[in-house]
1. Cα axis of helix 90-99 to longest principal axis of the chain: angle in degrees, 0 to 90, nearest 10?
2. Could you work out which residue, out of GLN228, GLN99, GLN146, moves most in a Gaussian network model of the chain, that is, has the largest mean-square fluctuation with Cα springs under 10 Å?
3. Does region 216-296 come out rounded, prolate or oblate, given a ≥ b ≥ c as the square roots of the eigenvalues of its C-alpha gyration tensor, rounded meaning a/c under 1.5 and, failing that, prolate meaning a/b above b/c?
4. Based on Cβ point charges of +1 for Lys and Arg and -1 for Asp and Glu, what charge dipole magnitude is obtained for region 244-362 about its Cα centre, in debye rounded to the nearest 20?
5. Which peptide among 299-310, 344-355 comes first, and what is the full order, when sorted by highest mean count of other Cβ atoms within 10 Å?
6. For region 21-73, state the average projected area of the convex hull of the C-alpha atoms over all orientations, rounded to one decimal in nm².
7. Hey, in the GNM for the chain with a 10 angstrom Cα cutoff, which one of VAL22, VAL176, VAL11 fluctuates hardest?
8. Could you please state, rounded to a whole Å, how far the C-alpha centre of region 265-314 is from the C-alpha centre of region 103-168?
Amino acid sequence: MKEVPVILFGVGGVGSALIRQVVNGRSHLKTRNQIQFNIVAITDRKTMLWERTGLSDVQLLEAVAAKRQGLAVDPAHRTIKPNHRVRPSEMEIVQQVTQANLGPAIFVDVTAADGLEPTLSKALSQGHSVVLANKKALAGAWASSQEFFNHPRLRHESTVGGGQPVIATLRYLLDVNDPIYQIEGQLSGTLGFICTQLDTGVPLSQAIAEAKAKGYTEPDPREDLGGQDVMRKVMILGRMAGWPLEANDIEVESLYTPDLADLTVPQFLEAASQLDAAMAQRVAEARENGQVLRYVAELSEGSGTVGLKPIPADSPLANMKYISFRTGFYNDEPLLIGGKGAGVEMTAAGVLGDMIGLVREQ
C-alpha cells in the first residue's frame, strides 16, 4: 500500500468533487491500485485546513459542506472578515510540506488563480509532483511555461476536454513518434450551447442570458464569449505537440464587441442585444448553405484560429464537443475524441486519474 500526501489548492466545484471522489473511492483505490491518498492540506483563498498525518474524511466532507455555504474551509475562521488573510502563501505551503518530512507529495491546483508558476516550479524542484486543472501555468508566456511540459512529475489531463482522454491520447501519439500536423475541435460546452440556440432562431443576447441562468457560463459571460479559454486549451495542445506558441500566434474571434468590454455584467447583459442583428445575419447565411455556426479551434505548426466557423448541418461534428488530431498515422482520416467533456465531476475524475497515474509511475 502506497500512502501519498496530497495538498489541494481550491475547494470550489472541482475541488469539492475531487474530495468526494477520494473519500467515497478509498476502498476501490486500495483494492485496484494499492493507493491511499492522505489529503494533508486544503486551501481556499483565505484559509487552510492542515493535518500532517492526513485530514479525516469527516473533516474533509465538513469543509466541502462549508464551502457550499460560502464559508471558510477552516472551521476556526468561518466568521473571518472578508479581507483578512490568515493562511500561508502557496509558496510557504510548499516549504511547510517539505519541512514536515512527509516524503514526495502531490500538489493539486484546481483554482483559476494566476501567478502560481513559481510555486509549482518550487514544488517540482523539491521532488514533489503536480496535477493541474488550472490552465494558467501552461498557457502563459512560453518562457515561464516551458518547464511544465513533458515533466515526468506533472500531469494536466483536466486542462483540456474535461473528462475526455485528450491529453493522454496526444501523449500516446507523441510517444510512438506520430507527427502532429493539425489539431481541431470544439472546446467550449458553453459556446456549443449558445451556438445550438442560435440554430433555432434564438437571438444571441437571449442565448447568452439563458446560458448564464443555467450556470453554463463564468460569472462574467465575457470570459467565455471572448474565446480566451478556448485559446488556452488549444495552445496547451499545440505546445505539447512541439510548437512553442504564444497567444499572439492564435487569432481569436470574440463574440462581443470592444465597446462592451468595460461594462458591468448587468450592463453587458442588457447591452448585448446590439449584437443580435449581425449574428442573426451570419446564422441565416450559414443556413442558406445547409450549414450551422460552431465555435471551432484550428491549429497547425506556428499558427491557429479560434472562432465561429460554418460547418455542414448534417455533420456529426455539429453537435459534438470533440478534439481531432491529424497526424502521420491518421492523415487520411483524423483521430477523433468526442462526447461529453464537461462538468465538475468529470473534471475531478480527470484530476484523480492523473494522481493515480503519477503514483503508478513513480
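1. For helix 90-99, the angle is close to 30 degrees.
2. Looking only at GLN228, GLN99, GLN146, the biggest GNM fluctuation is shown by GLN99.
3. Oblate, since a/c reaches 1.5 and b/c is not below a/b.
4. For this selection, approximately 440 debye.
5. Top to bottom by mean Cβ count within 10 Å: 344-355, 299-310.
6. Hull-based average projected area comes out at 3.8 nm².
7. VAL176
8. 32
The values are calculated or read from the model by the stated rules, or taken from the named source; none is laboratory data. All values derive from a computational prediction rather than experimental measurement. As a convention, Cβ positions derive from the backbone with ideal geometry for all residues, glycine included, and neighbour counts pool all protein chains shown. Side chains included, ligands, DNA and RNA excluded: accessible areas come from the protein's heavy atoms. Shrake-Rupley method; radii C 1.70, N 1.55, O 1.52, S 1.80 Å.
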